[in-house]
Amino acid sequence: MTNTLINDVSDTAFWIAHHRSVETKRPDALFKDPLAEVLAGTRGKNIADSMPRSMVTAWAVVMRTCIIDDHIRLAIREGTDAVLNLGAGLDTRPYRMELPETLNWTEVDYPHVIDYKQQRLAQETPRCRLARIKCDLADDTSRRRLLAEVNASAKKLLVLSEGVVPYLGTDQVATLADDLRSLDHARYWLVDYFSPQLLKYRQRQMGDRMQNAPFKFAPDDWLGFFEKHGWRCRQIRYLAEEAERLKRQIQLPAWQALLASVQQFVMPKARRDRFRKLAGHILLEPQPI
């Protein structure tokens, strides 16, 4: 049965924001994002409720948020003075993170997403210098003009593309990687990582519900793909390993948790290692030319 709640990629932002709002209400929350609920509304909850294995998605959103937050902190400690958030969706980091007041943060997304966000957050004050730009990133001319403008005003630029690359075709990712590599002030690029096994599993579990927003980018060698386009891995952090570090495992029903424990116990070490590295987030840096 098709999930008509997901009409396009932009709708996934409501879904993800809902899971951040749920985490915020936990007494042991790993981060606080009070504006997530303001942005997600009932739409985000309805999408989440319609999805299979919602507890897994909720866990993944929390882990990826923690990882990306840490990557951003690292980049700022190393002198980043500008962040370019491509496909920013309903992200609220400029409001919730401890950021330098002098940091220039630019959010880019479709016009209707930017309009919605500006209306909802009109009374809120960001902690850094925040700008929002309406742009269809699939438009090569507009995208390159935007990248050039942001690059020109930065000394050390971090590009964030959380939840963007998987929805792009291989050729689109290649072009974006080349465009970003051409920026002389781009020092970091944050991208998602999904193993081939996880992509196949996701398609089986959610293909019909996500047919209006399918994952398209599925190279056999994720890191190798970016290396061919001038980017090397500075650091990769996996969701499962982050969960172990933070002592936050997926909240499964008791019988499923027991079954998972047994499977982990009898699983060969090599397979356990692959399982722990199914998904994560990569901090890329440009390779020397």
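A few points about this structure:
- Computed lengthening from Asp221 to His112, 0.36 nm per intervening residue step minus Cα-Cα distance: 35.8 nm
- Dipole magnitude of the chain about its Cα centre (Cβ charges: Lys, Arg +1; Asp, Glu -1), debye to nearest 20: 880
- Accessible area per residue for the range 53-174 is 42 Å², calculated with a 1.4 Å probe on protein heavy atoms, without ligands, DNA or RNA.
- Between the Cα long axis of helix 170-181 and the first principal axis of the chain there is an angle of about 50°, rounded to the nearest 10.
- The range 9-286 - share of DSSP beta bridges that are antiparallel (%, nearest 5): 40
- Eligible aspartates and glutamates near Lys216 by straight Cα distance, threshold 12 Å, same-chain separation 8 or greater: Asp171
- Of Lys45/Lys200; Lys32/Lys117; Lys200/Lys247; Lys45/Lys117, those spanning more than 23 Å from alpha-carbon to alpha-carbon: Lys45/Lys200; Lys200/Lys247
The values are calculated or read from the model by the stated rules, or taken from the named source; none is laboratory data. Remember, predicted model here, so these are calculated numbers, not experimental data. Cβ: placed from backbone, ideal geometry, glycine included. Neighbour counts: every protein chain shown. Note: areas computed on protein heavy atoms with side chains; ligands, DNA, RNA excluded. Shrake-Rupley method; radii C 1.70, N 1.55, O 1.52, S 1.80 Å.
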